[in-house]
């Protein structure tokens, strides 16, 4: 439901700025979840509704930005290597997800968390910390890198025109 909003916002302020907003939203929600107590169901649902809306942009805006990078590559090389770019992107995303899940599982295991068992305060704090604060912390460098992303909306419009001229 939120993807049309992110599509619109990307056209208005640029894809990379819209992506920054998804990073801020998702990171903020992850951080705020750390402070939820057992039984805070309404707050949890409200936060995850917001997080879900942000995930729409978080999933499709980077792919759209990658398509713009493919345009640059096409202009510079004259080639059409979109498949290579997207395959590499998919592979990196899967390896990153695998490493993140592995590291998170090892970290909570180190603090004694046992899934499905009765865990104490220390184990639950470790789970909350790595799930909430840990996730939010990874959004900060992504936000910094994306904020200074060199391919602005204006630059991309010029590149698209150049690409169209090359096709003519």
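Coordinate-derived values only; no laboratory data. Everything numeric here is computed off the predicted structure, so don't read it as measured data. Ideal geometry is used to build each Cβ from the backbone, glycine not excepted, and the neighbour counts take in all protein chains shown.
For a quick check: sort 6, 147 by the number of other beta carbons within 10 angstrom, fewest at the front. Write out the running numbers ahead of the final one.
Details: 6 24, 147 12.
Sorted ascending by nearby Cβ count, the order is 147, 6.
For the chain, modelled as a GNM with alpha-carbon contacts under 10 angstrom, which of 90, 52, 39 fluctuates the most?
39
Rounded to the nearest 10 degrees, what's the angle between the helix 41-77 long axis and the longest principal axis of the chain, both from Cα atoms, 0 to 90?
Approximately 30 degrees, to the nearest 10.
Taking the chain as a Gaussian network, Cα atoms linked when under 10 Å apart, which of 126, 93, 142 shows the biggest mean-square fluctuation?
Looking only at 126, 93, 142, the biggest GNM fluctuation is shown by 93.
With labels modelled as points extended 7 Å from the Cα through the Cβ direction, what inter-label distance (nm, one decimal) is found for residue 131 paired with residue 67?
Going by the 7 Å Cα→Cβ label model, 3.5 nm.
With everything on Cα atoms, drop me the angle between helix 153-167 and the longest principal axis of the chain, reported from 0 to 90° to the nearest 10.
Orientation of helix 153-167: about 40 degrees from the principal axis.
Using Cα atoms only, what is the angle between the long axis of helix 82-110 and the major principal axis of the chain, expressed in degrees (0 to 90) to the nearest 10?
In the chain, helix 82-110 runs at an angle near 10 degrees to the longest axis.
How do 41, 149 line up, fewest other C-beta atoms within 10 Å first?
Ordered by Cβ neighbours within 10 Å, fewest first: 41, 149.
Provide the gained length on full extension for the span residue 104 to residue 168, in nm with one decimal, where the gain is 0.36 nm per separating residue minus the Cα-Cα distance. Intermediate values should be presented prior to the final figure.
On the way: separation 64, 0.36 × 64 = 23.04 nm, distance 5.15 nm.
Contour length minus Cα-Cα distance gives 17.9 nm.
Summing -39500 (n - 2.57) over the DSSP H runs of n ≥ 4 in the chain and dividing by its residue number, what mean residue ellipticity at 222 nm do you reach, to the nearest 500 deg cm²/dmol? Working shown, then result.
Details: 7 runs with 133 residues, N = 168.
Theoretical 222 nm ellipticity from helices: -27000 deg cm²/dmol.
If you take the C-alpha gyration tensor of the stretch 3-167, multiply each eigenvalue by 5 and take the square root, what semi-axes do you get, largest first, in whole Å? Let's see the in-between values first.
On the way: eigenvalues 286, 70, 26 Å².
Sorted largest first and rounded, they come to 38, 19, 11 Å.
Give, in nm to one decimal, the length gained when the segment between residue 43 and residue 147 is fully stretched (0.36 nm per residue of separation minus the Cα-Cα distance).
Result: 34.5 nm gained on full extension.
Report the relative contact order of the chain, percent, no decimals, based on alpha-carbon pairs under 8 angstrom and at least 6 residues apart. Show your work: numbers first, answer last.
Numbers: 135 pairs, mean separation 60.1, N = 168.
Relative CO of the chain lands at 36 percent.
Rank these for me by crowding, 51, 158, going from fewest to most other beta carbons within 10 Å. Spell out each step's value before the answer.
Details: 51 19, 158 10.
Fewest-to-most Cβ neighbours within 10 Å comes out as 158, 51.
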